[in-house]
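Peer 1: Before I ask anything, let me first share the structure, which is written out below as structure tokens.
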Amino acid sequence: MKPKVGFYWMGTCGGCEESVVDLAERILDVVAAVDIIFWPVAMDFKLEDVEAMADGSIAVAIINGSVKTSHDEYVAKMLRKKAGLVIAYGSCAHLGGIPGLANFHSIDAIFDRVYKEVPTVYNDKGIVPQLRTEIDGMILELPTINNTVQKLDDIVSVDYYIPGCAPNPDLLMAGIQAILSGNLPPVGSVLSPNRNMCDSCPKERKEEKIMVKEFKRYYEIIPDEDQCLLEQGLMCLGPVTRIGCGELCMKANMPCRGCYGPTDQIEDMGTKYASALATIWYETNEEDIDRIVRSIPNFASIAYMFSLPASIMKRKRIKSEVDFK
Amino acid sequence: MITIDPVTRLEGHGKISIHLNEEGEVNAAYFQVPELRGFEKFIEGMPVEEMPRVTQRICGVCPTAHHMAATRALDDLWKVEPPSAAHKIREFIYNSFLHEDHTLHFYFLGGPDFVVGPDAPKAERNILGVIQAAGIEAGKKVIGMRKEIREIMTEITGKVIHPVFGLPGGISKALNKDIQDRAIKASERAIEFAQWTIGLFDKIVLGNEEYVKLITGDIYRNETYYMGMVDKNDKVNFYRGDIKIVDPNGKEYAKFDVHKYTDYIAEHVEPWTYVRQTYLKPIGWKGFVDGPDSGIYRVNPLARLNVAGGMATPLAQKEYERLYSTLGGKPVHATLAWHWARLVELLYAGERMLELASDPEFVDSNVRTLPDKLTEESRGIGVVEAPRGTLIHDYTTDENAVIKHANLIVATQQNAAPINMGIGQAARGLIQKGVPVTDGLLNKVEMAFRAYDPCFACATHTLPGQLPLNLEIYDHRDKLLQKVNMANYDRIDTIDSRIQEEIK
């Protein structure tokens, strides 16, 4: 009997699903080797079909997306019970991803902006979506949107991680092959080489040690295509990011934004990156350092672009939740 | 009540419920979006130049559309005109993306309903069924075409899923002769592929009287306003132009620069869905009704064809004329004709790709104009035609180019109200007292929304290619009668008899 594999998506953009499809003809090899028993995006199996399966009867559940709603939580927990292995697939499941930037705000502020403040909305009565609405005796229900975006391992234990936004299909293929051959790394591993982006980046440093006089924003310079972008003053997260993507952004002459997450040695991307930057400032006097720091607007949103829910702070503290007594 | 949940993603997930009355007839239908991510809020405070990389995470199926709308907004924010080469490369990429996305929608999503048949067994009503009907060579051709285009897109944009090349005033990297040669070859194949696809459509759909009746019938018809972008010559353009609106009679209602969009587009909030419903501001929100007195409008391939005076390329123009002469002139209100309109655009995208890739400027080394630093608050608005319709990004920043406010008008959102009407209409037309609720019949209800939303294409960008549907049937007291796996015919019959029983 072929091993059973299930795919599921939570709060996601669909890019992870596209990356699976980008296996192109290789998807036929996958289908030949495993039985896909759940894939809401592409197949007709239902939650209730999976609910009816015995615990542990699925070999691998591959889950993408961040945990945003009460429904996401339910399905993640259910799949954890049914599956021998759970793989967090893509930046959102791995680290929270870009939807995790919502953790800089409260859900109330988001609702206010989206339903009351945007310039095209006309909403005199201040209507916002309700969990339960009754219209002419008919009940319409919506799931709860959580205040805090979480990553998959905040909800269930995760065995392996395939990083990236979106993941490189080669990593998925390698992961599936590793599982089929039983040749698995220790539980908790990220299934992409534990090396840092600068090791494999095609761009070269002019000097042995990077020294930055000031930081530049994309629109301020046309960077040299062959030279290290950080050296040219562009914020590049390469120094704290794991490889696996194929250095695609740098090949397009754009700096890394860290979607593959940190290497194993790094606990928190943003603070590590801050400390890395502190070592490359050309200036040493406080006044100049202050000027350099001010040249970066909203450092946190860049340094944690894909990993805020996985950071040590997880989210911005919301005043209403603090007890001032 | 009949619930279809999930109907897979639409900026997340979607849910359809159909409520029956005591007679077993359709009382009301609702299309709900049960998710909200709040991009408009959480991008506040971020450096605006990051937006092409950030806002595309709204959709991984059409990231190129969000990437390009954001990039166009940045040009506008800095009032910087990209070099001509940069415009051409961007537009080439944009048409490549439209080609690849329309292809998949036709073969993996909309196509199966026609190629295999709306009443065919559910297990065959997917891409595999299409391959079976059209031949294995056809399947290989579809996969091969997509792969070829997506590889070129990866090379030029950095990444095909979430591109990175868009910058205010241009793109991040110039192209060389080698990629130009491959782009030209791919474009030639893209045109041939589109013609071949139209040939298939001709044979299988237009050659079938029953399908033509289905397309032109009343079940899938809404008389609404239409919106789309046109170039200076009033031809369809995906990348830049003015926004044009026509009324339900096809008469021009408005034509405006995107900077005036807030004069025309307004949004309404309903408590039972997380998506905002758009309508034409001067006419107002009149509820979920069509006609000239209602502000509801539609965006999508057929909407674009309805507003424009024609196509800018010769082969597509001929196909455009054939569509309207076959379906009785402009405007066409038949929702299912959107599949045909998509193929007209597929051919245009291929022809436009070739024009742009063949241009000597395609390999020009000057692909960026550096903007001047902002000195005060600024606002940038960008518009493109996404595969599923008009897409607007609007950013206001402080003098340091940090976002103060943002507004995003997304294509699928503009079709949310029409989908609501379309579902109700199809359901009312199909689910009637005494008519068995079969799988094929419910599939025909699905076809009403499937035509609308190529975002559902992501649901079927894969070999098995079938929409996952959970169906729950409730009686008029909202009591759950039974949960159904729609792939299972016997259980559908059971439901039918139970409904009939309940009605008695």
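The values are calculated or read from the model by the stated rules, or taken from the named source; none is laboratory data. Since the model is a prediction, treat every value here as computed from it, not as a measurement. Counting neighbours? That spans all protein chains shown, and the Cβs are built from the backbone with ideal geometry, glycine included. When the accessible area is computed, the model is the full protein with side chains, heavy atoms only, and any ligands, DNA or RNA have been set aside. Shrake-Rupley method; radii C 1.70, N 1.55, O 1.52, S 1.80 Å.
Peer 1: Semi-axes of segment A:104-145's equivalent ellipsoid from the Cα gyration tensor, sqrt of 5 times each eigenvalue, largest first, rounded to whole Å?
Peer 2: Largest first, segment A:104-145 gives 22, 15, 6 Å.
Peer 1: Got the relative contact order for chain A handy, in percent, Cα pairs under 8 Å and 6 or more residues apart?
Peer 2: Value for chain A: 18 percent.
Peer 1: Right, here's the next one. Probe of 1.4 angstrom, ligands and nucleic acids ignored: what's the accessible area per residue over the protein assembly as shown, in square angstrom?
Peer 2: 35 Å²
Peer 1: Which of the pairs B:K88/B:K251; A:K151/A:K314; B:K41/B:K88 have their Cα atoms more than 21 Å apart in this structure?
Peer 2: B:K88/B:K251; B:K41/B:K88
Peer 1: Starting from the Cα coordinates of the protein assembly as shown, work out the convex hull volume and express it per residue in Å³.
Peer 2: 164 Å³
Peer 1: Can you give me the % of accessible surface on segment B:388-436 that is carbon or sulfur? Probe 1.4 Å, all protein chains present, nothing else counted. Could you put the intermediate results ahead of the total?
Peer 2: Details: 590 of 1150 Å².
That fraction is 51 percent.
Peer 1: Okay, moving on. Counting partner chain Cβ atoms within 10 Å of every residue's Cβ in A:106-115, what's the average?
Peer 2: 5
Peer 1: Can you work out the Karplus-derived ³J(HN,Hα) for every residue in segment B:239-253? Use 6.51 cos²θ - 1.76 cosθ + 1.60 with θ = phi - 60°, whole Hz, and x for glycine or proline.
Peer 2: Rounded to whole hertz, the list is 9, 7, x, 9, 8, 10, 10, 10, 7, x, 8, x, 7, 4, 9.
Peer 1: If you don't mind, another one. Tell me the label-point distance for the pair B:V289, A:D224, using the 7 Å Cα-to-Cβ offset, in nm and rounded to one decimal.
Peer 2: Reported label-point gap for B:V289 and A:D224 is 6.9 nm.
Peer 1: Determine the calculated [θ] at 222 nm for chain A from helices alone, applying -39500 (n - 2.57) to every DSSP H run no shorter than 4 residues and normalising by the residue count; nearest 500 deg cm²/dmol.
Peer 2: The helix-only estimate for chain A comes to -7000 deg cm²/dmol at 222 nm.
Peer 1: Check B:Y274: other-chain or 5+ apart residues with amide H under 5 Å from its amide H, H built from backbone geometry?
Peer 2: B:V33, B:E35
Peer 1: While we're on this one: Considering only DSSP beta bridges with both partners in the protein assembly as shown, what is the antiparallel share in %, to the nearest 5?
Peer 2: Looking only at bridges with both residues in the protein assembly as shown, the antiparallel portion is about 70 percent.
Peer 1: Also, I was wondering about something else. I need the semi-axes of the equivalent ellipsoid of segment A:176-248: take the C-alpha gyration tensor, multiply each eigenvalue by 5, square-root it, list largest first in whole angstrom.
Peer 2: For segment A:176-248, the semi-axes come out at 33, 12, 11 Å.
Peer 1: Going by accessible area, probe 1.4 Å, with all protein chains left in place, what is the ranking of B:V164, B:V115, largest first?
Peer 2: B:V115, B:V164
Peer 1: Order the following by accessible area, largest value first: A:K4, B:K177. Probe radius 1.4 Å; ligands, DNA and RNA are ignored.
Peer 2: The most accessible residue leads, giving B:K177, A:K4.
Peer 1: Of the listed pairs A:K125/B:K404; B:K147/B:K235; A:K206/B:K173, which have alpha-carbon separations greater than 23 Å here?
Peer 2: A:K125/B:K404; B:K147/B:K235
Peer 1: Quote the FRET efficiency, to the nearest 0.05, computed for A:E25 versus B:E188 with a Förster distance R0 of 22 Å and r equal to the Cβ-Cβ distance.
Peer 2: Working: r = 23 Å, r/R0 = 1.03.
Plugging the Cβ-Cβ distance into 1/(1 + (r/R0)^6) gives 0.45.
Peer 1: Would you calculate the separation in nanometres between label points at A:R132 and A:I289, each defined as 7 Å from the Cα along the Cα-to-beta-carbon direction?
Peer 2: 5.7 nm
Peer 1: Among A:Y89, A:Y218, A:Y160, which one moves the most in a GNM of chain A with springs linking Cα atoms closer than 10 Å?
Peer 2: Evaluated over chain A, the most mobile residue of the options is A:Y218.
Peer 1: Sticking with this one: Could you calculate the FRET efficiency of A:N123 with A:E208 from 1/(1 + (r/R0)^6), where r is the beta carbon distance between them and R0 is 60 Å, rounded to 0.05? Spell out each step's value before the answer.
Peer 2: Working: r = 59 Å, r/R0 = 0.98.
So, using R0 = 60 Å, E works out to roughly 0.55.
Peer 1: Can you list, largest first and rounded to whole Å, the semi-axes you get for segment A:197-310 by taking the square root of 5 times each eigenvalue of its Cα gyration tensor? Present the calculation step by step, with values, prior to reporting the outcome.
Peer 2: Working: eigenvalues 83, 64, 34 Å².
Output for segment A:197-310: semi-axes of 20, 18, 13 Å.
Peer 1: Also, quick follow-up: Which are the unpartnered cysteines of chain A, meaning those with no other cysteine Cβ under 4.7 Å from their Cβ?
Peer 2: Flagged as lacking a Cys partner: A:C13, A:C16, A:C92, A:C198, A:C201, A:C228, A:C236, A:C245, A:C249, A:C256.
Peer 1: Another one. Rank these by accessible area, largest first, 1.4 Å probe: B:E351, B:E25.
Peer 2: On the way: B:E351 15, B:E25 75 Å².
Result of the area sort, largest leading: B:E25, B:E351.
Peer 1: Could you derive backbone 3J(HN,Hα) for segment B:406-417 from the dihedral phi with the Karplus parameters 6.51, -1.76 and 1.60 (θ = phi - 60°), listing whole Hz in sequence and x where the residue is Gly or Pro?
Peer 2: 9, 9, 10, 10, 9, 3, 4, 5, 5, 9, 4, 5
Peer 1: At a Förster radius of 22 Å, what calculated FRET efficiency corresponds to the Cβ-Cβ distance of A:D49 and B:E137, to the nearest 0.05?
Peer 2: On the way: r = 34 Å, r/R0 = 1.55.
Once the sixth-power term is evaluated, E becomes 0.05.
Peer 1: Let me ask something else about it. Pull up all non-local amide H partners of B:A254: gap of 5 or more, or a different chain, and H-to-H distance under 5 Å with H placed in the peptide plane.
Peer 2: Sorted by chain and number, the residues that satisfy this are B:I245.
Peer 1: Of the listed peptides B:150-156, A:105-111, B:339-345, what is their order by residue-averaged count of other C-beta atoms within 10 Å, with the highest listed first?
Peer 2: Averaged packing, sorted descending, gives the order B:339-345, B:150-156, A:105-111.
Peer 1: Averaged over peptide B:360-371, how many Cβ atoms belonging to another chain are found within 10 Å of each residue's Cβ?
Peer 2: Details: counts 0, 0, 0, 0, 0, 0, 1, 1, 3, 1, 4, 2.
That works out to 1 on average.
Peer 1: Still on this structure: Sequence neighbours fewer than 8 away in the same chain don't count; with that in mind, list the lysines whose C-alpha is under 19 Å from A:K2.
Peer 2: A:K82
Peer 1: Run the 1.4 Å probe and let me know the accessible area of B:C62, rounded to the nearest 10 Å².
Peer 2: 0 Å²
Peer 1: Please compute the average number of Cβ atoms from other chains found within 10 Å of each residue's Cβ in peptide A:291-303.
Peer 2: 3
Peer 1: Given the whole protein assembly as supplied and a 1.4 Å probe, what does the accessible area of B:H333 come to in Å², nearest 10?
Peer 2: That residue has around 10 Å² of solvent-accessible surface.
Peer 1: Chain pair A, B: how much accessible area is buried, both chains summed, with a 1.4 Å probe, in Å² to 100?
Peer 2: Roughly 7800 Å².
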